[in-house]
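In what follows, a structure is listed as structure tokens, so that the remarks can point back to it.
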Amino acid sequence: MYRVLIVDDEEPVLDSFSFMLKEYATDFVLAGKARNGYEALNTIHELHPDVVFMDINIPGMDGLKVIDSVHEQYPQMVFVLSTAYERFDLAQRAIPLGVHAYLVKPISKKVFISTLEDIKAKLMKNRPLGLLEKKDAILAQFFNDVTHRGLSNDQIELYAETLGIGSRYGCICIVEIEEHNEKTLVEIASRISLKYFCLFSARNNRGLYFVGGQHESNELKAYLSGIMTQCVSPETETVIGVGGTETLENLAASYTSALHDLLKNKTDEQVLYRERVRIVQIRKKIGYVPKDELTNLFVSYVDELFEYYELPVVKCKMAVLFNLLLDDLVNYYKDTELVPHCEPVEQELMNNSSAEDIKRWGLDYFENLLDMFSEKRNSAMPLPLLKAINYIKDHYAEPIQLSTVADAVLVSPAYLSRIFTEYLSTPFVDYVTDLRISEAQRLIKTTNMNIKEIGIAVGYGDANYFSKCFKKYTGYTPTDYLETARNT
């Protein structure tokens, strides 16, 4: 993600640019806003954005003077000038400063997005090959170190230089959202960055945030709570954990206290719901999605079990999950014979007496199961069909056609249509409709969404067509089904 700073003294312009950045731009995220020259100068030094949209006529120091003050210090930073009037003299002054573009307000969405695309090409061309990937890897390693161990002086120097950390102090915040939405977690990071230096990593339904500097936990939590009301609907359950300020060497302690704060704010119902979601995700995806994704999901599930429970309870819950997966394997493929290393689960678990032993044994056992599922499913169905099923499950809420899915899995529509009928005994259209109506039934039973919202959530923008399809498959109109489901 490239980080963008917007500098303008007009609130409508700030709001317009922020909206277009959030809704239409890819690979760009809002890092912050500034309303005058001095604030812009301070924010550039604090946040080190990749891109700056700079109004020329701002209070205090004008935009060109701000750029003149910083462009030699940040040669890779891209500046875009904006002004209400096209003036040749200002354009001439901008040329030696290396300004990327000179835009005349009002700036349309087309021009704004086109400018960003040009900037992205420029940034990718100017940066050494692999730098972005290296930075992403270092960011991931930073959060891995923070959540598992302390930081050495050498690590701190590396992270400070690569990630732009300018303070020897900081704290960790954790945000957990009921439904996984990485875009929302990114938006939270962007809003934190409006006031503080922030680094971010998403892990399943959780966002991990490093906030640089020294802060009062209550003040930071209040600020974060305010952000949540802006980014997340009131119906979506969220939990926040804020750790205390620590030196970078001891940042792992801040993560531990943030985790303790998060767990303290969770109800037993929320804990159990999250467990059920994890189990459903694993059972639904096993054999269909890449092995690394399933492994990460399993490791996350086990780590969270150890957050909530003592060792004996963790063993019992892991045994339940493995037995469910073994049952799924046998029920999916009647000819499956369990090999010796996959049974008995309970006895194997009891032989391990430490958390590390349990995690290591559990991961080995789970990877054996992954191999068995993949082998059986790949032999039972063609790989393009498996990929198509997984694609449909991820995209059924969008306009989806046979040709769309065929392009996604790199086969012809005719071939995909044939294997759907041959292996699943159902046409492609009926499979998608059945999936959508089943999900609509679930939403009617388990949420307070109205019929129109449910139709949109499962891919039907036309309420009348949704009602027609629903009645054809269930025998009820959505309204009748809702009244029956919610009154029983």
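Within the stretch 207-244, whose backbone N sits under 19 Å from a point 7 Å along Cα→Cβ of Arg442? Label zone hits: 236-237.
Applying a threshold of 21 Å to the alpha-carbon distances of Lys291/Lys393; Lys266/Lys445; Lys266/Lys317; Lys221/Lys317 flags Lys266/Lys445; Lys221/Lys317 as lying beyond it.
Any idea what the alpha-carbon Rg over 2.2 N^0.38 Å comes to for the chain? Each step should come with its number before you reach the end.
Working: Rg = 26.3 Å, N = 488, 2.2 N^0.38 = 23.1 Å.
Scaled against compact globular proteins, the figure is 1.14.
If the segment from Thr256 to Lys109 were pulled out straight at 0.36 nm per residue, it would be longer than the present Cα-Cα gap by 48.6 nm. By definition, a body whose alpha carbon gyration tensor gives a ≥ b ≥ c is oblate when a/c is 1.5 or more and a/b is not larger than b/c, and the stretch 1-52 fits this oblate description. Along the axis of the charge dipole computed for the chain (Cβ charges of +1 for Lys and Arg, -1 for Asp and Glu, origin at the Cα centre), the listed residues Ile113, Thr479, Leu158 are led at the positive end by Thr479. Could you tell me what % of all Cα pairs in the stretch 352-411 have separations over 13 Å? Tail of P(r) above 13 Å: 70 percent of Cα pairs.
Compute the FRET efficiency between Asp434 and Lys195 as 1/(1 + (r/R0)^6), taking r as their Cβ-Cβ distance and R0 = 56 Å, and round to the nearest 0.05. Intermediate values should be presented prior to the final figure.
Working: r = 48 Å, r/R0 = 0.86.
For Asp434 and Lys195, the calculated efficiency is 0.70.
Residue farthest toward the positive end of the dipole of the stretch 207-315, with Cβ of Lys/Arg at +1 and Asp/Glu at -1: which of Phe298, Asn265, Gly207? So the residue we want is Phe298. For Glu269 and Ser354, the difference between the fully extended length at 0.36 nm per residue and the C-alpha to C-alpha distance is 27.9 nm. The C-alpha radius of gyration of the stretch 348-488, expressed as a fraction of 2.2 N^0.38 Å, stands at 1.39. Expressed to the nearest 5 percent, the antiparallel share of DSSP beta bridges inside the chain is 50 percent.
What the Cβ-Cβ distance of Glu249 and Lys471 gives, at R0 = 56 Å and to the nearest 0.05, is a FRET efficiency of 0.30.
Mark the label point 7 Å from the Cα of Met124 along Cα→Cβ and return the residues of the stretch 21-65 whose backbone N is within less than 15 Å of it. Once the point is set 7 Å along Cα→Cβ of Met124, 26-28 turn out to lie under 15 Å by backbone N, inside the stretch 21-65. The simple spin-label model puts a point 7 Å past each Cα toward its Cβ; for Tyr423 and Ile138 those points are separated by 4.4 nm. Each principal axis of the Cα cloud of the stretch 190-310 was evaluated for its coordinate range; sorted largest first, these ranges are 45, 36, 29 Å. Packing order of peptides 151-157, 359-365, 435-441, highest average first: 435-441, 359-365, 151-157 (average count of other Cβ atoms within 10 Å over each peptide's residues). Bridgeable lysines around Lys110 (alpha carbons under 19 Å apart, same-chain partners fewer than 8 residues away excluded): Lys22, Lys120, Lys122.
On the basis of the beta-carbon distance and an R0 of 30 Å, Glu10 and Lys183 show a calculated FRET efficiency of 0.65. One chain, two ends: Ala463 and Asp371. Fully extended at 0.36 nm per residue, the span grows by 28.8 nm beyond their Cα-Cα distance.
Ranking request for peptides 189-200, 16-27: highest mean number of other beta-carbon atoms within 10 Å first, then the rest in descending order. Could you put the intermediate results ahead of the total?
Numbers: 189-200: 20.7, 16-27: 15.2.
The peptides rank, most packed first, as 189-200, 16-27.
When peptides 209-217, 391-399 are ranked by their average number of other Cβ atoms within 10 Å per residue, the highest-first order is 209-217, 391-399. Could you please state, rounded to a whole Å, how far the C-alpha centre of the stretch 185-228 is from the C-alpha centre of the stretch 394-449? Comparing the Cα centres of the stretch 185-228 and the stretch 394-449, I get a distance of 38 Å.
For the chain, a simple Cβ point-charge model (Lys and Arg +1, Asp and Glu -1, everything else neutral) yields a dipole of about 1040 debye relative to the Cα centre.
Any idea what log10 I(q)/I(0) is at q = 0.21 Å⁻¹ for the stretch 383-463, Debye with uniform C-alpha scatterers and no solvent? Here log10 of I(q) over I(0) equals -0.90.
None of the figures in this text is laboratory data; all of them are computed from the coordinates on show. In this text, all values refer to a predicted model and were calculated from it rather than measured experimentally. Neighbour counts run over all protein chains shown; Cβ positions are idealised from the backbone, glycine included.
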